[in-house]
Structure formats: structure tokens, C-alpha cells
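Reading through the C-alpha cells given below for one structure.
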Amino acid sequence: MLHTRRADGRGDTQSGLAGRLWLPLTALSTRISTAALTLIARSRERRALAALDERLLQDIGIDRRAAAIEARKAPWQR
């Protein structure tokens, strides 16, 4: 239940679907937003990895084949 204050200062309890779903929907939207941002970041990182030249790949200790395999993965794949 959602507790609110009425204009006269007395407590008022709001029951109903909106009151019961507010926190679960907020948590769900936060999780969806976080997941979407993670997928976008993963996609950008893989595109950047694919664009690195041999010298930079060597600096980070990855060969071209491993970079290509990682870059081809879908964003939802770890």
C-alpha cells in the first residue's frame, strides 16, 4: 500500500493497482535500463576492439584472431 498525506494533514492509504505496482515497476524499469546500457556499451567496446591495429592489440595482449572472435559476438553474449 502507498501511504500519502491528505491536505488536512491526516494520513491516507491509497490502495489499488497503482499503489501496489509502483515499486516493482520502478525496479523493473531500472533493471531494463541498466541491461540496455550494458548492451550498448558492450557493442561499442567490441567495435572499438575490431578497429585496433596490430600494435595496439599487442599492447593489450590480444592477437588479431581473438579480437575478431570477440568483435563478432552479439551484444548479449558475454
A chain fully extended from residue 63 to residue 43 at 0.36 nm per residue, minus the present Cα-Cα distance, gains in nm 5.3 nm
Packing-ranked peptide list from 68-75, 25-32, highest mean Cβ count within 10 angstrom first, is 68-75, 25-32
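We did not get these values from a lab; they are worked out from the coordinates using the rules stated. Bear in mind the structure is a predicted one, so any value in this text is a computation, not a measurement. Glycine gets a Cβ as well: all are built from the backbone with ideal geometry, and neighbour counts include every protein chain shown.
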